[in-house]
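Nothing in this text is a laboratory measurement; each read-out follows from the coordinates by a stated rule. Note that the structure is predicted; figures quoted are calculated from it, not measured. Methodologically, a virtual Cβ is constructed for each residue, glycine included, from the backbone with ideal geometry; neighbour enumeration extends over all protein chains shown.
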Amino acid sequence: MRAEELAGDLKHLSTTLYSALWSAFTSIVRQEWEKAHATASRMIAEAEQHSMALWSVFGRHLLGCALVGLDQPEGALVELERGREEAASLEHRILRPMTLSFEAQALAALGRHDDGLKRLKQALRFVEETQERWGEPDIQRVTGLMMLEQGRSREACDAAFRRAVEAATTQGSKLLALRAEDTRVGHNAAQERCITLAGQEARNRALIVTLPEQFPFGTGDVHA
């Protein structure tokens, strides 16, 4: 980002870290995981070198989120948990809903869906408590996806996706609204394909059952 370049030219560390924060955050929202990873890693290195604890917390939060996107759930959990511990020592809760959502995704990637859903419920409680609502659409969207992976009902999953669309629309976030709607439509289309395929398989089985009446040479090869 241009802001990062200008901050670097000025050699003003706080401005540099602030620019890096927003650069990494924007990359995560856009799902540009490699860029977010690189920027967050630089943040941590600079913050630790100059003993700037709060910026280190921000960096670990963002690095953990990026690692989830890069399919590294174990590493993501390490960074997110360390970031949460350091944040607690500073009595700092900014970005908690977002980090809980990404922690939930990391847990789900490791097969711990129940724990993941618990984190998402915690994230929604923090949304209500702190009014940090910008991440609510994606929390609801991820909830729907996780419920889908658990085999929950179509109606329950669709309701979560609709809540995601409504939250994003209320906030005026076109990107998150579109992402949530695409997920909802994709989920419904996948469900319809499953229903269609199941119906087709049933018809095929019924057809095979009736083949002896229609096929003069028997059905041994078909059933084999």
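By count of other Cβ within 10 Å, fewest leading, how are 101, 27 ordered? Walk me through the intermediate numbers first.
On the way: 101 26, 27 23.
In order of increasing Cβ crowding within 10 Å: 27, 101.
May I ask you to give the average projected area over all directions of the convex hull of the Cα atoms of the stretch 1-92, in nm² rounded to one decimal?
On the way: hull surface 21.8 nm².
Averaged projected area of the stretch 1-92's Cα convex hull equals 5.4 nm².
Listed by Cβ neighbour count within 10 Å, with the fewest neighbours leading, 170, 15 appear as 170, 15.
Sorted ascending by nearby beta carbons within 10 Å, beginning with the fewest, 141, 112 become 112, 141.
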